[in-house]
Amino acid sequence: MSRSRDQKPTGKRDTYHHGDLRRALLEAGRDVLAERGVDGLSLREVARRAHVSQAAPYHHFADKAELVSAIVQRGFDDFVSALTAGAEEAGESALARLTAMGLRYVRFAVDQPEVFRLMFRPELRQVEPGPAADAMEAAGLASYQVFRDAVKAAIREGSVQGQVDDVALAAWSIVHGLATILVDGPVGMGDRSPDELATVVLLALGAGIASGRLP
């Protein structure tokens with residue numbers, strides 16, 4: 001018997017639950033992004049990678065802009081999780097927790113350079129102002145707040161001196177600067193690993209903020 005026009009195939013990939021399909025599409029999108037960059041990202045290619053119909057992504061994303069927004073938001077979620085995990089592993093010292101977060105920051109950038117670029121370089125996203133862009137901005141601000149809270153805890157502990165916003169900006173600028181250099185260059189870093197370089201920078205930063213010598 002031939003299948004009617006209203007019936008759908010019953011293959012394995014058609015058994016995705018609603019949430020599972022979106023997650024599968026996001027994972028496929030991140031794979032495409034890592035291999036081809038944002039210019040090579042498309043709903044058609046994401047559908048192919050996820051082994052679903054070309055129409056399937058449109059159940060979750062109206063267009064490429066919404067897909068990019070979702071990837072960026074997921075990136076910030078993973079970023080916050082990485083920072084938090086680093087802090088938790090560092091123990092009770094607020095300064096040690098802040099330093100560990102800085103190391104995780106750099107690792108995240110090196111491990112996921114294309115996602116990192118999208119997260120912090122809005123000009124690459126090709127997303128017009130609107131809800132999708134607003135959602136990405138909110139996710140970015142939430143991640144910065146985690147970093148700021150860690151600075152605030154170190155100041156409260158007495159291991160760091162200065163105003164919260166001033167120290168947070170200085171710390172973020174230094175860590176983000178190193179992460180960007182490692183991702184985009186062009187400055188050569190020799191044979192030292194990203195972790196070694198991050199440790200050098202973070203020790204210098206820690207000495208500065210602990211002594212209150214930041215401007």
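Considering only residues that are open to solvent by 10 Å² or more (accessible area, probe 1.4 Å) and either in contact with an Asp or Glu (Cβ under 8 Å, 6 or more places away or on another chain) or not in a helix (DSSP H, G or I) (or both), which ones fall in region 61-77?
Ala62, Asp63, Ala65
Rundown of residues vs (1) among the β-branched types (Val, Ile, Thr); (2) at pLDDT 90 or above; (3) in contact with a Gly (Cβ under 7 Å, 6 or more places away or on another chain), yes/no style:
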{"position": "Asp14", "(1), (2), (3)": "no, no, no"}
{"position": "His18", "(1), (2), (3)": "no, no, no"}
{"position": "His59", "(1), (2), (3)": "no, no, no"}
{"position": "Arg74", "(1), (2), (3)": "no, yes, no"}
{"position": "Ala87", "(1), (2), (3)": "no, yes, no"}
{"position": "Leu95", "(1), (2), (3)": "no, no, yes"}
{"position": "Thr99", "(1), (2), (3)": "yes, no, yes"}
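Scan the helices (runs of 4 or more DSSP H) fully inside region 96-195 and keep the ones with 1 or more residues being free of Cβ contacts under 8 Å to residues at least 24 places away in the same chain and open to solvent by 50 Å² or more (accessible area, probe 1.4 Å).
131-157, 164-184
I'd like to verify a number: residues in region 44-84 that are within 15 Å of Ala135 (Cα to Cα) and among the hydroxyl-bearing types (Ser, Thr, Tyr), how many?
The qualifying residues number 1.
The values are calculated or read from the model by the stated rules, or taken from the named source; none is laboratory data. Predicted model only: the values in this text are computed from it and were never measured. Note that we place each Cβ from the backbone using ideal geometry, even for glycine, and neighbour counts take in every protein chain shown. Just so you know, the surface numbers come from the protein's heavy atoms only, side chains and all, with ligands and any DNA or RNA stripped out. Shrake-Rupley method; radii C 1.70, N 1.55, O 1.52, S 1.80 Å.
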